[in-house]
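Trainee: Before anything else, here's the structure in question.
The values are calculated or read from the model by the stated rules, or taken from the named source; none is laboratory data. Here the structure is a predicted model, which is why all the values come from computation and not from measurement. Cβ sites come from the backbone with ideal geometry, for glycine too, and all protein chains shown count toward neighbours. Ligands, DNA and RNA are stripped out before the accessible areas are found, and what is left, the full protein with its side chains, is counted by its heavy atoms. Shrake-Rupley method; radii C 1.70, N 1.55, O 1.52, S 1.80 Å.
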Amino acid sequence: MTDLDRSRFSYAEKLSRAGLGKAGAAHGQLRVWIDRWKAEASPAEPHRHHLQAAGDDFALDLTVASEKPPVIHGQGGVSRKGASLEQASHYYSLTRLATSGTITVAGESLAVTGSSWMDHEFGSGDLGANQVGWDWFSIQLDNRTEVMLYRLRLADGTIDPASSGSLIFPDGRVQALSASDVRVETLESWTSRLSGARYPARWKIAIPSADLRLEVTPELADQELLTTRSTQVTYWEGAARIAGTQRGIPLTGAGYVELTGYAERFRQRL
């Protein structure tokens, strides 16, 4: 991607404190904000969220409404992240959110509709001493099935057995996936000229128990983020398109991928 191509796409980041009301969270309802960025829901409609944010050359004003119950990942509300007891979190997702509103780019407002995904994870543990980062996938298929996968990478290049995921059926039922339930093959790679990191860039994913076979392709090769103004982590995350089959029936869909620990071992800085 050239500099001209990259300039068409933007991201923004913020870091602030609760002092003077510049950032904060309300009690008893969803209302969080940082400056003029906010996410909120009224007590009367807790499953409908209003999102607002703006960068230098873009802004969004969206309403999202959950079409499925929350998905609690892991076993008994505990999502394992390693062998130690402290390597765990409480992790839930809203995997299909009907979305509408406006996105403004370079002063032009566009009406948009679509489907979104929300993740929230509670935990304070860092990666284990032998873990360097993770590959995370969220996938929405056009048959209203969703998939969440995370693969924790070890220093020797293998995958931690604690890696797992969830398969969410159209009716909202959830099947927990262990590391051995999923096969992931990297088909291509991409090297960042900014950080020098070499990232996987296209994948085959198979879940044999569901006879599900997918190919995940980034919408753009260069979706690397250098968050020098906030978390100071260099990583890759962005949109992907999905194609594949389930029980021989062709499928398409949309996805999102997060890749950490390729530019440097991931370390929590906050």
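Trainee: So how far apart, in nm, are the two label points at Thr252 and Arg17 if each is 7 Å from Cα heading toward Cβ?
Mentor: Inter-label distance under the simple model: 5.0 nm.
Trainee: Charges only on Cβ, +1 for Lys and Arg, -1 for Asp and Glu: so what's the dipole of the stretch 141-217 about the Cα centre, in debye to the nearest 20? Intermediate values should be presented prior to the final figure.
Mentor: Details: 10 positive and 10 negative charges, 53 e Å.
In debye, rounded to 20, the stretch 141-217 gives about 260.
Trainee: Tell me the net charge near Ala23. Cut-off is 14 Å between Cβ atoms, Ala23 excluded, with +1 for each Lys or Arg and -1 for each Asp or Glu. Write out the running numbers ahead of the final one.
Mentor: Working: positive: Lys14, Arg17, Lys22, Arg31, Arg36, Lys38; negative: Glu13, Asp35, Glu40.
For residues surrounding Ala23, the net value is +3.
Trainee: Using helices alone, what [θ] at 222 nm do you get for the chain, with -39,500 (n - 2.57) per DSSP H run of 4 or more residues, divided over all residues and rounded to the nearest 500? Write down the numbers at each step before the final one.
Mentor: Values: 1 runs with 4 residues, N = 270.
One gets 0 deg cm²/dmol as the mean residue ellipticity at 222 nm.
Trainee: Then there is this: Do you know the relative contact order of the chain, to the nearest whole percent, from alpha carbon pairs under 8 angstrom that are 6+ apart? Working shown, then result.
Mentor: Working: 616 pairs, mean separation 33.6, N = 270.
Computed over the chain, the figure is 12 percent.
Trainee: Just to confirm, what accessible area per residue do you get for the chain at 1.4 Å probe, in whole Å²?
Mentor: Values: 14800 Å² over 270 residues.
Spelled out: the 1.4 Å probe surface of the chain, per residue, equals 55 Å².
Trainee: May I ask you to list the lysines whose Cα is less than 23 Å away from that of Lys14, ignoring any residue fewer than eight positions away on the same chain?
Mentor: Here the lysines satisfying the reach criterion relative to Lys14 are Lys22, Lys38.
Trainee: Here's a follow-up. Which value, in debye to the nearest 20, describes the size of the charge dipole of the stretch 79-134 about its Cα centre when Lys and Arg Cβ atoms bear +1, Asp and Glu Cβ atoms bear -1, and nothing else is charged? Intermediate results must be reported in sequence, preceding the final value.
Mentor: Values: 3 positive and 5 negative charges, 37 e Å.
Here the stretch 79-134 has a charge dipole of around 180 debye.
Trainee: Rounded, prolate or oblate: which fits the chain when a ≥ b ≥ c are the square roots of the eigenvalues of the alpha-carbon gyration tensor, with rounded for a/c under 1.5 and prolate only if a/b beats b/c? Can you show the working numbers first?
Mentor: Values: a/c = 1.25, a/b = 1.18, b/c = 1.06.
The shape class here is rounded.
Trainee: Could I ask something else about it? Considering the chain as a Gaussian network with a 10 Å cut-off on Cα pairs, which listed residue, Gly244, Gly125, Gly19, attains the greatest mean-square fluctuation?
Mentor: Gly19
Trainee: Taking a spot 7 Å from the Cα of Ala106 along the direction of its beta carbon, which residues of the stretch 40-79 have an amide N less than 15 Å from it?
Mentor: Once the point is set 7 Å along Cα→Cβ of Ala106, 56-59 turn out to lie under 15 Å by backbone N, inside the stretch 40-79.
Trainee: May I ask for the distance between the Cα centers of the stretch 157-177 and the stretch 202-236, given as a whole number of Å?
Mentor: If you average the Cα positions of each part, the centres end up 16 Å apart.
Trainee: Let me ask something additional. Please find the FRET efficiency linking Asn143 to Thr113, where r is the Cβ-Cβ separation and R0 is fixed at 25 Å, and quote it to the nearest 0.05. Present the calculation step by step, with values, prior to reporting the outcome.
Mentor: On the way: r = 19 Å, r/R0 = 0.77.
Efficiency for this residue pair is about 0.85.
Trainee: A further question on this structure: Considering only the other residues whose Cβ falls under 12 Å of the Cβ of Gly125, what net charge follows from Lys and Arg at +1 and Asp and Glu at -1?
Mentor: Working: positive: Arg80, Lys81; negative: Glu86, Glu121, Asp126.
In short, -1.
Trainee: Hey, with R₀ at 25 Å, roughly what FRET efficiency would Glu188 and Leu226 work out to, going by the Cβ-Cβ distance, to 0.05?
Mentor: Numbers: r = 22 Å, r/R0 = 0.88.
Once rounded, the FRET efficiency stands at 0.70.
Trainee: Right, next: In a shell of Cβ-Cβ distance under 14 Å around Lys38, excluding Lys38 itself, what net charge do Lys and Arg (+1) and Asp and Glu (-1) give? Display every interim value, and only then the final one.
Mentor: Values: positive: Lys14, Lys22, Arg31, Arg36; negative: Asp35, Glu40, Asp61.
Residues close to Lys38 contribute a combined charge of +1.
Trainee: Related question: Gaussian network model of the chain, Cα springs within a sub-10 Å range: biggest mean-square fluctuation belongs to which of Gly107, Gly74, Gly123?
Mentor: Answer for the Gaussian network model of the chain: Gly107.
Trainee: Could you look at the stretch 1-112 and say what percent of its accessible area is carbon and sulfur, using a 1.4 Å probe and all protein chains? Intermediate values should be presented prior to the final figure.
Mentor: Values: 4040 of 7130 Å².
Using a 1.4 Å probe with all protein chains present, the stretch 1-112 comes out at 57 percent carbon and sulfur.
Trainee: If you don't mind, another one. Would you mind checking which residues have amide H under 5 Å from Glu219's amide H? H placed 1.01 Å from N; only 5 or more apart, or other chain.
Mentor: Long-range HN contacts for Glu219: Ala239, Ala240, Arg241.
Trainee: Report the full-extension gain for the segment Leu85 to Ala65: residue separation times 0.36 nm, less the Cα-Cα distance, to one decimal in nm.
Mentor: Working: separation 20, 0.36 × 20 = 7.20 nm, distance 3.50 nm.
Taking Leu85 through Ala65 to full extension adds about 3.7 nm, to one decimal.
Trainee: Now, a different point. Arrange the peptides 208-216, 234-242, 159-167, 26-34 so that the one whose residues have, on average, the most other Cβ atoms within 10 Å appears first.
Mentor: Top of the packing list down: 159-167, 234-242, 208-216, 26-34.
Trainee: Just how large is the dipole of the chain about the Cα centre, in debye to the nearest 20, putting +1 at every Lys and Arg Cβ and -1 at every Asp and Glu Cβ?
Mentor: Working: 29 positive and 32 negative charges, 78 e Å.
Charge dipole, the chain, about its Cα centre: 380 debye, nearest 20.
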